[in-house]
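Here the structure comes first, spelled out in structure tokens, and everything after it is commentary.
The values are calculated or read from the model by the stated rules, or taken from the named source; none is laboratory data. None of these values were measured; they are calculated from a predicted model. All Cβ positions, glycine included, derive from the backbone under ideal geometry; neighbour counts span all protein chains shown.
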Amino acid sequence: MSISTDRLTAEEIVQLSRQYTLYEWSAQSAVDPIAVDRARGVYFYSPDGTRYIDFNSQLMSVNIGHGDPRVVDAITAQAGKLAYANPFMATEPRARLGRKLADLLPGDLDKVFFTNGGAEANENAIKLARFFTGRHKVAVRYRSYHGATAGAMTLTGDPRRWANEPGIPGVVRLPDTLPWGEAESRPADEVLRETERILMYEGPQTIAAIMIEPVVGTNGILVPPDGYLQGLRELCDRYGILLIADEVMSGFGRTGEWFAVNHWGVVPDILTMAKGLTSSYVPLGAVAVRHDIGDYFKDHVFYGGLTYNSHPVGCAAALATISVYEDDDLIARARRMGERMREHHLALREKHPSVGSVRNIGLFGIIELARSRDPYVPMAPYNGTSPEMQVVARSLREQGMYTFVRWNAISTNPPLSITEDELAEGFAIIDRALDLADEGLAS
């Protein structure tokens, strides 16, 4: 292909991107990216003008919607005034954002370390927990994702971990509330009993922290049963273990609260965030710690650092993004629209025999496809796909929808700014794709 010297076409953008760049989690010959030119609200557009409704907020992250001029203007203004200052300096965006997050975070989480993104936030959460407790093990679950850096990937339970092993030492696995291939969560007390037994086997005095996604994201939008998070908090308190909440996906309104832990009134010892912090307009993550942990580092060195820690443009973007959440009442809006999403989910389950189960909390949702509801048989195997799921994914894209179709599930995670009409538009597209899944079952 000869490449034009003027504005690139969609075909040229895809060809050059595939030729000269690596795509993640993919064999490169199988990559089929969408060329993206611009975006606004819940839609993005290819260079030829094809419109896609973004039903996954890209990576569950563009929470305020695309192209909000209030955030774009804040980024532009900060870049023009001070584009970078090294992390040993103090800047106004850093000062204001630290104070603002201390106001928003639950309980006495009031000290923040800024990172480039979520994985680095989780890496530094491990460091902080180990430094503070003097212990080395970290307990995590299988149906989890914590990032692609070395430590965060070892903490991750899903199959992306396998090729990256052996990873870091000291990682212990705990039981999940909703095991793969089942439609309903297990009782909280049952899971907590098994969890405490594993702590006993491992020696609780060796465990620095338990890290969880309060609501699991890419591995299934797993909403914990009532009592589970409270029980984990009690176990951690009993054994002197820190509780780390990975709110990289679930934070900043996605579940209808500023942070998902707020639904259960639980204050973790460490909380990590990214994605919705800036609505992904620029990269920024953070790890927040409770007051006693912050106090510990008054007289103890924190052995961590990043060139872009507290990047002024990122901090300015975060401040502007938080203002949008507040000014547009997006947290309450996510709760209200989450109720509408539940109605759409249940209607699809009633209509389509291919829908096995549906879940959402706020605008954090998923539709699982199944060959059978009783017994529950997922439409695709663990860490795999199926002809039916491939047909569904192709239909969604051809109809102008972008979302995750992973294993046997369709993600429903639109921007919090979505309207009822836009939500209905998205579910109408899914409805038509599920007709094809139903036909696959019938054949």
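Within region 38-50, is there a residue that is without any contact (Cβ under 8 Å) to a residue 24 or more places away in the chain, out of contact with any strand residue (DSSP E or B) (no Cβ under 7 Å at 6 or more places or on another chain) and loosely packed, with under 10 Cβ neighbours inside 10 Å? Checking region 38-50: at least one residue is without any contact (Cβ under 8 Å) to a residue 24 or more places away in the chain, out of contact with any strand residue (DSSP E or B) (no Cβ under 7 Å at 6 or more places or on another chain) and loosely packed, with under 10 Cβ neighbours inside 10 Å. Which one of these is more than 22 Å from the chain's Cα centre (by Cα), in contact (Cβ under 8 Å) with a residue 24 or more places away in the chain and crowded, with 17+ Cβ neighbours inside 10 Å: Thr91, Thr115? One residue alone meets the criteria, Thr91. Across region 39-55, a minimum of one residue is classified as touching a Ser or Thr at 6+ places or on another chain (Cβ under 7 Å) and over 27 Å from Leu330 (Cα atoms).
Among what's in region 96-112 and is closer than 22 Å to Glu257 by Cβ and charged (D, E, K, R), pick the residue that is surrounded by the most Cβ atoms within 10 Å (Cβ to Cβ). Don't jump to the end; show me each part of the working.
Residues of region 96-112 that are closer than 22 Å to Glu257 by Cβ, as a first pass: 97-112.
Those left that are additionally charged (D, E, K, R): 99-100, 103, 108, 110-111.
Numbers: Arg99: 11, Lys100: 17, Asp103: 8, Asp108: 15, Asp110: 17, Lys111: 21.
Checking each candidate, the answer is Lys111.
Among the residues of region 44-65, those identified as aromatic (Phe, Trp, Tyr) and within 21 Å of Leu8 (Cα to Cα) are Phe44, Tyr45, Tyr52. Residues of region 184-216 that are touching a Gly at 6+ places or on another chain (Cβ under 6 Å) and surrounded by fewer than 18 Cβ atoms within 10 Å (Cβ to Cβ): none at all. Here region 292-308 is the region considered, the condition is being in contact (Cβ under 8 Å) with a residue 12 or more places away in the chain and of a type in the set (A, V, I, L, M), and the residue that is surrounded by the most Cβ atoms within 10 Å (Cβ to Cβ) is Ile293.
Only a single item in (1) surrounded by fewer than 17 Cβ atoms within 10 Å (Cβ to Cβ); (2) closer than 25 Å to Glu368 by Cα is not met by Gly167, and it is number (2). The criterion of being surrounded by 22 or more Cβ atoms within 10 Å (Cβ to Cβ) and either part of a helix (DSSP H, G or I) or polar (S, T, N, Q) (or both) holds for Leu229.
Evaluating Thr133 against the criteria (1) within 24 Å of the chain's Cα centre (by Cα); (2) under 27 Å from Thr206 (Cα atoms) leaves one unmet condition, (1). Please verify whether region 392-400 includes one or more residues that are farther than 30 Å from Trp162 by Cβ and assigned to a loop (DSSP other than H, G, I, E, B). The answer is yes, given that some residue of region 392-400 is farther than 30 Å from Trp162 by Cβ and assigned to a loop (DSSP other than H, G, I, E, B).
This table checks each residue for (1) assigned by TED's automatic domain parsing to the domain that holds Gly134; (2) touching a residue at least 60 places away in the same chain (Cβ under 8 Å); (3) buried (at least 19 other Cβ atoms within 10 Å of the Cβ); (4) of a type outside the set (A, V, I, L, M).
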position	(1), (2), (3), (4)
Glu257	yes, yes, yes, yes
Met273	yes, yes, yes, no
Val287	yes, yes, yes, no
Ala316	yes, yes, yes, no
Thr321	yes, yes, yes, yes
Arg335	no, yes, no, yes
